[in-house]
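One structure below.
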Amino acid sequence: METGLKLCFLSLNELFLCLLKPAMNKKIFSLYFFLLLALISVAQKGEVKGTVTDAKTGEAMIGAVVSTSPVMGTTTSFDGTYSLEIPAGNAVITFKMTGYDEVKKEVAVVAGQVFVLNVAMNESARELGIVVVSAGKYEQNLGEVTVSMEVIKPKLIQEKNITSIDEALQQTPGVSIVDNEPQIRSGSGYSFGAGSRVQVLMDDLPMISGDAGKPTWSFLPIENVSQVEIIKGASSVLYGSSALSGVINMRTAYPTDKPSTRLAVYHGIYSDPRTDSAKYWSGNAMRSGLNFLHTRKINNNIDFVIGANVLGDDGYLGPIKDSTQATDGNKYNPFTADRYKSEARARVNMNLRYRSKKISGLSYGFNTNWSNSNSLATLIWENTSTGLYSAYKGSATRTKQLLSTIDPFITYYNKKGGRQSLRTRWQSLDNNNDNNQGNFSDVYYGEYQFQQHWDSLRVKDFTTTFGIVGIHTLAKGELYTGGNADGNNSASNFAGYLQVDKKYFDKLNLSGGVRYEYFNINEESQSKPVFRAGANYQLEKATYLRASFGQGFRFPSIAEKFVVTSLGAITIFPNPDLKAESSYNAELGLKQGFRINKFLGFLDLAVFQQEYNKFIEFTFGQWDPNPSLNNQFGIGFKSLNTGKARVQGFEASLMGEGKIGAIQLQALAGYTYTKPVSLTPNEVYAKSPASPDNFFFLSQYANTSYKSTSSDPANDILKYRIQHLVRADLSASWRAYSLGLSFRSQSHIQNIDAAFQVLEKTFPTMFNPGINNWRKTHSKGDYIFDLRAGWEVNEHHGIAVVVKNLLNREYAIRPLAIEEPRLTSIQYTLKF
């Protein structure tokens, strides 16, 4: 047998001699037979390889699908290269990339030879070619996603001289920012900065704090924005607990083949308030700053990005009135925070990615961001006459904040459409507050994800995404003594998710997913699965009909459960018994593409409903007195589960860009109507403790319910909701000149906490900020215009003038907090 085996490996002729031997094993014959077929198959194949690039920019295209018929394919790697082994003869190679026109090339493949085929792909001109990632964690055409989405381009951020990303979000249809808290379609009210129902991300990594669950908007690097994607509606399957009402995902940009440097410096002056008596200082407040960004590729396989931001803002309110704290707040000093709402900050960020030359498709690196700031925030104004731009006694907090992140990552793309990634993060937040209410937290985050595009494995237009996530938070500080007396608290969150996306008949996109969440805070745990499903059908060439359903599940943050603090007349009590809230969101939408000359756009119409259970709301009442707060009557605010609620509404939005004649235009506009109501308005979700010290006006809070705590419970409208939102921005450029106009309008907030108004009426000598009169005289909502004009002197230099609140309107989005007066800035930009 051994002799026969040796002979069989010598030559094919000897193989046939071996077959004549009676002792030859049939299994060995089978082995040789298949080996022979494989050798013949390889001998009949040739190789097609090349590079896929963007026809306009020449940049390599990552993840383009390259396939033949019959189905056989691969995807391009980080440098845009691909390689295919296909049978000899004539073949048609198809190149596909989201947002680009499909390319087909016919080639003649010669057995045993290499055919080089380089392809340049053009962006689709049939409709607005916006590509988004957030909807399914992979690239999709905006028109084909199954959920409502908006996209903010970096041009808007740069032209409006935006210093914090929340300013740009204020221009987004359906989105409002109330005291730094994001609201999408009235999904949230006012929660004293704790427990966001909107997940805020940067490159798919969460940016909300681990203790309070709120974003620090100024920490996001506005100098390096590729685009901002906003998902409206429950998105917990892919993005977890905080995505109950939606997602805001800021995507940063990596270098192109050409190094780039951009520096923008600006200086602005605030106008005097409209109310003359409200100005108690001399001179004008000012704001100065700079943004810097440099990107480059090193040795064609290292991507390097570094950016910085510096801001010195007097704030639009007045100087500190308390002489024991005040410096000369009438003079501009960009490096201190001597006035209410002032801020001095510096931030630096860096991205470094290494693309392996030895292992095709492998990349790894880290991103890091560091910020140091000093700010003086206020909660409520002093009064509506001489104190509209001052702070109520005890309601101002000075915070010296150090915030940092380090994000190591590794990603691997195989040649069969698969991608594996491991993203990790360490986030450290240190808030040093001047009222002995500081807090510190460390967050450790890790996510492994495996995504497979099955086109190259003979399953067309099919994508699966699987991931596991772990988050651990350690928080401590005087703020959180409602959990443990020493202020030390911990939270853990573990989850696994799976999403499947499939396209049928080149028209119907189906999407479905499931996630299982587990939470633990101070040894109290809870877990639950959530599901989502969606469909998008292309009715006509640029007409898309979509429907979606998604569940949400949000566990309360450490701050919501354990915060203990007092700011002037406002006391916040802990609620260790607070439970998780859940929801579902359903939507039906229609997206219509259109073209006017060379201007391409989408008109989007949507109706939606979101329903909540164990709805968490920030609620006023009378609670057990807390000796540490010096509040003998126990009156103040607490986060409570308030029963059931529902938000219904509809939205119309428009997005477009392109040329009409010689004018380059970019537009974003929309109107949103919501009807947010309590479904259990009479449900008693808390009872006040029996106390001989009860004030007579507190009798209405003996049984705490929606009805008893609302200033205007007509139609059961939820508190602090804006029911009508209008957003619009239009930018036009001609040759070297540009002009832009923004418009924002919001309706009057119908319902707030009755306590503010009742306290003022009952005890005007103790609490009299003028809220009752303000709400009577400002009951129609308000509108704001911004104007900007720019001149590109040449390819390196640009000058712009930006005017925010052009008409110098005096308005408040959240009662008791006045917004900015007119701010006029001049900006100089250097690019090379």
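Numbers below:
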| quantity | calculated |
| --- | --- |
| Partner aspartates and glutamates for Lys321 [C-alpha distance under 14 Å; skip if fewer than 8 residues away on the same chain] | Asp338, Glu382 |
| FRET E, pair Asn333, Ser385, Förster distance 25 Å, beta-carbon r, rounded to 0.05 | 0.30 |
| Flagged links, alpha-carbon separation over 31 Å, of Lys297/Lys502; Lys279/Lys476; Lys415/Lys528; Lys341/Lys707; Lys45/Lys104; Lys214/Lys831 | Lys297/Lys502; Lys279/Lys476; Lys415/Lys528; Lys341/Lys707; Lys214/Lys831 |
| Cα Rg, Dmax (largest Cα-Cα span) when computed across region 231-340, Å | 21.5, 63 |
| Surface/4 of the Cα convex hull for region 483-626, nm² | 13.8 nm² |
| Environment charge of Gly798, counting only residues whose C-beta is closer than 11 Å and scoring Lys/Arg +1, Asp/Glu -1 | -1 |
| Inter-probe distance in nm under a simple model that places probes 7 Å from Cα toward Cβ, at Ala702 and Asn484 | 4.0 nm |
| Rounded to the nearest 10 Å², the accessible area of Asp257 at probe 1.4 Å | 90 Å² |
| Most to least packed among 167-179, 299-311 [average Cβ atoms within 10 Å] | 167-179, 299-311 |
| Shape category assigned to region 173-240 from the gyration tensor of Cα positions, a/c cut at 1.5 | rounded |
| Value in Å of the Kirkwood radius, where region 694-832 supplies the Cα pairs that are averaged | 18.4 Å |
| Anchor Lys598: lysines whose Cα lies under 23 Å away (excluding residues fewer than 8 positions away in-chain) | Lys56, Lys153, Lys155, Lys541, Lys659 |
| 5 angstrom amide H check on Ala285, placed H, neighbours 5+ away | Tyr270 |
| Environment charge of Leu816, counting only residues whose C-beta is closer than 13 Å and scoring Lys/Arg +1, Asp/Glu -1 | -3 |
| Apportionment of accessible area to carbon and sulfur, the chain, percent (1.4 Å) | 58 percent |
| Beta bridges by DSSP in the chain, antiparallel share as percent, to the nearest 5 | 95 percent |
| 19 Å reach of a label modelled at Trp791, 7 Å along Cα-to-Cβ, counting backbone N of region 734-763 | 734-741 |
| FRET efficiency, 1/(1 + (r/R0)^6) with R0 60 Å, evaluated for Thr57 and Thr777 via beta carbons | 0.65 |
| Student exercise, the chain dipole from Lys, Arg, Asp, Glu Cβ charges, in Debye to nearest 20 | 1720 debye |
| Whole-percent pair-distance distribution, where bins are 10 Å wide, for the alpha carbons of the chain | 2, 12, 21, 24, 18, 10, 5, 3, 2, 1, 0, 0 |
| R0 of 30 Å, Cβ-Cβ distance Met350-Val801: FRET efficiency to nearest 0.05 | 0.40 |
| Under 10 Å, Cβ to Cβ, from Gly312 - net charge with Lys/Arg +1 and Asp/Glu -1 | -1 |
| Highest to lowest packing among 571-583, 200-212, 262-274, 81-93, scored as the average C-beta count within 10 Å | 200-212, 571-583, 262-274, 81-93 |
| For region 734-804, alpha-carbon Rg relative to the globular expectation (2.2 N^0.38 Å, N residues) | 1.95 |
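The values are calculated or read from the model by the stated rules, or taken from the named source; none is laboratory data. Because the structure is predicted, anything quoted here is derived from the model rather than measured. Cβ atoms come from the backbone with ideal geometry, glycine included; neighbour counts cover every protein chain shown. Side chains included, ligands, DNA and RNA excluded: accessible areas come from the protein's heavy atoms. Shrake-Rupley method; radii C 1.70, N 1.55, O 1.52, S 1.80 Å.
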